[in-house]
Every structure is written in structure tokens, then in C-alpha cells.
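Quick one: this structure, given as C-alpha cells, is what I'll be asking you about.
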Amino acid sequence: MKKILLLLIGLSPLVLNAQITINSSHLPTVGHSFVDAIDDTYSAPILPGGANQNWNYTSLQNLDQDTTTFIAAATTPYGPSYYPSSNMAIHTPEDSLYLYVTTNTGGLYIDGYYFYTSQAPFGQNAIPFSPSYLFIPTPFTYLDTQTSYYKYVIDIDTALPYIRFVHQVNQAFVGDGYGALQLPTATYPNTLRIKATETIIDSLLADTIGNGSYFMIDPPTVSQQSSYYWLQAAQPVILLTISADSLGTTGESSSYVLSSTTSVQEPQPETKANVNVYPNPAGGLVNVTLLKEGTSNTIFRLFDMQGRVIRETSLEGIQQYGFYVNQLERGVYLWSIDDAGAQGKLVVE
């Protein structure tokens, strides 16, 4: 008996992790929201891959935070017109853009951007990727490999010579390890690490006579970058992202999950068809989007459950408005927009 006990004590620190497969059922859906801790100053060697690893990243810093919320693409101002096949979108108010996303059995794809600002790159608001950018391949497991590519083209053809910018990225994915992942917030067993290597080819072409015949101005510029993703077969699917150098040996920035929420979007009556208020529930920035610019009669109001006006703002001349609810007590609030005939509930967490 003593020998058996000693054997069990000796084996107790040994924890075997299961080799998992990431499927499309593990990808985010509408209503998923994640808060990540970001450190753009991170610099450290990439820990080894392989089977049954124990990756210790408990020393990662939280120097900044970013919230990603997946909303229905059809409820955004630009999705139905520019990205009708996308099923989700991510709104980034700081950069004045929407990122449009599609999930299917092959993985999570980024279909393109829409910049609702006069400072859009090259003056082009919609930048579709053709083909779409594969971000998470599925199904995917340890030692799996996959290649893909995405591309976008921007034409500046307001005056001769016409200029064309072509951005193409060739991708190579490999499931290079599995095991336990230790983060400052928690330890996650049974994670899969994917290494993604991207070769970026940028080309500049010109059409001097306007007949659609473009020629290369300079040789294409080629660069390479690598990223590592730690994933689990649950939500949030991405636990840690480290962007690395071109060889994939040294990390240059990190982003790990702090918290996640899942909310079910309430069915909206027809009176709210031209208005979107999200995320809901909310804990920080709330966005209000209109399908067209507001008039002098477009007034946004937020009420508490006693009917008192908490916030009142004119939306004249704008389609996008954001406000913070950090200072509000948790609970249910009501909102309305005059002249749009729209009203609804907002839950503050």
C-alpha cells in the first residue's frame, strides 16, 4: 500500500491534456462580446510547441483594453448594401469602421471593411476582400495544415494616370501544439495553438491612357509576419494572440481575454428597423446607428425605469452616436428616438 501511495503522489503533478479539434460550432455568434487585455510593448521568445505543453503566460501585462462585440450584419447601416453575404459585423467607433464577417463550416472569414469617414483609405469607403480573409480555419486540430490567401484592390481613377493598389496575403496555418495555457486571469486546459504565417505582397500599378491596361510601376514589395493563436473548444474560442516577427521566433505584441459575455438579441419590431443600439447588454460604450443622417427632429433620449430622462442628445446631421454607461447603475433603461418612431430597452451590466 505504501508503495502505491508513493507512486500516486509522484504522479499527481502530471496532467495530460486532451488533443482537441476546433469546429465551426465553437466560433463566435451574434451576441458574443469579448474584452481583451493588450500589450503592444510585449517582447519575448515564443514558447515551444508540441504535444501536451504547459504554456505559462501569467506575467502578461494589461496595458490597454479592447472590446469586440459580434452583431448581426443585416442590422448595420452598410452591411445589406455592401456585404449582403456576411452574417456578422464588428463595429470599431475609434476607427470609424465596420468589419464584416462570415462563419461557416470552413471557419471564420473576414469579408472586408466599411469606413464611414471622410478619411477612408484612398477615399474608398468599402474595401472588400476577394477572396475573404480566413482568420480561423475549421475543423482544425494538432498537426493539421492549411493554406489560403486573400486580396483587395483599390483603384484611384479620378484623373489620369489611374493608379491601382493591390494587396495580397498568402497564408499558411499549422496546428503546432496543444496543452494547458496559463493566463493572468485563469488556467485553461486542453487548448490548441495555431501558428499563422502570412506573406504580404503589395503592388502598385498605373494606367496612363485610361483604357484599363495597367502596368507595374515598381517591383512588388514582399514581407512576412507570423502570429500564434491559443484556442479552446468553447467560448471565448480565442484565449491568447501573440504577434511575432517574420520568423515566428519572438513575440512583439500580446492580447489575452479578460472576460466574455453572451447576449441574445431581442427581436426588434418594425419601428426599430432604421435604428440599431448596441451592444445590449452594455458595460462601456453604447453605439446608436441610423440608416440615414438625422434631422433637427431626431432626438435620442435615455430614461430610467421611473421615466426620468438620463440623457438627451440631438442626432441632427449624423448617423453614428456613441455614449458611455460606466457611470450608470446596473439595470434596465429605456431609450427612444423622436421622428424615427423607435424605442427599446438597454440593459446596463
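Does Val237 satisfy the criteria of being β-branched (Val, Ile, Thr), at pLDDT below 85 and in contact with a strand residue (DSSP E or B) (Cβ under 8 Å, 6 or more places away or on another chain)?
Spelling it out, it is not the case that Val237 is β-branched (Val, Ile, Thr), at pLDDT below 85 and in contact with a strand residue (DSSP E or B) (Cβ under 8 Å, 6 or more places away or on another chain).
Follow-up. Return the residue satisfying two criteria in turn: it lies in segment 62-74 and is without any contact (Cβ under 8 Å) to a residue 60 or more places away in the chain and surrounded by fewer than 14 Cβ atoms within 10 Å (Cβ to Cβ), and of such residues it is farthest from the chain's Cα centre (by Cα).
We begin by selecting, within segment 62-74, every residue without any contact (Cβ under 8 Å) to a residue 60 or more places away in the chain; these are 63-64, 68, 70, 73-74.
Going one step further and asking which of them are surrounded by fewer than 14 Cβ atoms within 10 Å (Cβ to Cβ), we end up with 63-64.
Values: Leu63: 19, Asp64: 16 Å.
So, considering only residues that are without any contact (Cβ under 8 Å) to a residue 60 or more places away in the chain and surrounded by fewer than 14 Cβ atoms within 10 Å (Cβ to Cβ), the one farthest from the chain's Cα centre (by Cα) is Leu63.
Same structure, new question: With respect to the numbered conditions (1) over 21 Å from Gly284 (Cβ atoms); (2) in contact with a Leu (Cβ under 7 Å, 6 or more places away or on another chain); (3) of a type in the set (D, E, K, R), which one is the sole condition not fulfilled by Asp111?
So the condition that Asp111 fails would be (2).
Moving on. Would you mind stating whether Pro121 is at pLDDT below 95 and out of contact with any strand residue (DSSP E or B) (no Cβ under 9 Å at 6 or more places or on another chain)? Talk me through it step by step, then tell me what you get.
Working: at pLDDT below 95: yes; out of contact with any strand residue (DSSP E or B) (no Cβ under 9 Å at 6 or more places or on another chain): no.
No, not satisfied.
OK, next. Looking at segment 284-313, which of the residues that are among the small types (Gly, Ala, Ser) and over 18 Å from the mean Cα position of the chain (by Cα) is farthest from Val35 (Cα to Cα)?
So, considering only residues that are among the small types (Gly, Ala, Ser) and over 18 Å from the mean Cα position of the chain (by Cα), the one farthest from Val35 (Cα to Cα) is Ser296.
Select from segment 75-88 the residues that are modelled with pLDDT under 90 and loosely packed, with under 15 Cβ neighbours inside 10 Å and write down the one among them that is farthest from the chain's Cα centre (by Cα).
Filtering segment 75-88 for residues that are modelled with pLDDT under 90 and loosely packed, with under 15 Cβ neighbours inside 10 Å, the one farthest from the chain's Cα centre (by Cα) comes out as Ser81.
Going by the conditions given, is Tyr133 among the aromatic types (Phe, Trp, Tyr) and more than 21 Å from Tyr214 (Cα to Cα)?
yes
Scan segment 296-349 for residues that are surrounded by fewer than 14 Cβ atoms within 10 Å (Cβ to Cβ), of a type in the set (Ser, Thr, Tyr) and in a loop (DSSP other than H, G, I, E, B) and jot them down.
Ser296, the sole residue that qualifies.
Could you figure out which of (1) within 18 Å of the chain's Cα centre (by Cα); (2) closer than 30 Å to Ala51 by Cα; (3) not hydrophobic (A, V, I, L, M, F, W, C) isn't true of Gln146?
Single failed check for Gln146: (1).
Counting only residues that are open to solvent by less than 50 Å² (accessible area, probe 1.4 Å), among the small types (Gly, Ala, Ser) and under 24 Å from Leu47 (Cα atoms), give me the strands (runs of 3 or more DSSP E) lying completely in segment 136-242 with at least 3 of them.
Fully inside segment 136-242 and qualifying: 162-182.
Moving on to the next point. Against the definition (free of Cβ contacts under 8 Å to residues at least 24 places away in the same chain, under 30 Å from Ala51 (Cα atoms) and either open to solvent by 50 Å² or more (accessible area, probe 1.4 Å) or touching a Lys or Arg at 6+ places or on another chain (Cβ under 6 Å) (or both)), how does Tyr113 come out, yes or no?
Values: free of Cβ contacts under 8 Å to residues at least 24 places away in the same chain: yes; under 30 Å from Ala51 (Cα atoms): no; either open to solvent by 50 Å² or more (accessible area, probe 1.4 Å) or touching a Lys or Arg at 6+ places or on another chain (Cβ under 6 Å) (or both): yes.
Against the criterion (free of Cβ contacts under 8 Å to residues at least 24 places away in the same chain, under 30 Å from Ala51 (Cα atoms) and either open to solvent by 50 Å² or more (accessible area, probe 1.4 Å) or touching a Lys or Arg at 6+ places or on another chain (Cβ under 6 Å) (or both)), Tyr113 does not qualify.
Tell me, please, whether a residue that is open to solvent by 60 Å² or more (accessible area, probe 1.4 Å), at pLDDT below 85 and part of a strand (DSSP E or B) can be found in segment 262-272. Break it down stepwise before answering.
We begin by selecting, within segment 262-272, every residue open to solvent by 60 Å² or more (accessible area, probe 1.4 Å); these are 262, 264-271.
With at pLDDT below 85 added as a condition, the list becomes 262, 264-271.
Still in the list and also part of a strand (DSSP E or B): 262.
There is at least one residue in segment 262-272 that is open to solvent by 60 Å² or more (accessible area, probe 1.4 Å), at pLDDT below 85 and part of a strand (DSSP E or B).
The values are calculated or read from the model by the stated rules, or taken from the named source; none is laboratory data. Computed from a prediction, not measured in an experiment: that's the story for all the values here. All Cβ positions, glycine included, derive from the backbone under ideal geometry; neighbour counts span all protein chains shown. When the accessible area is computed, the model is the full protein with side chains, heavy atoms only, and any ligands, DNA or RNA have been set aside. Shrake-Rupley method; radii C 1.70, N 1.55, O 1.52, S 1.80 Å.
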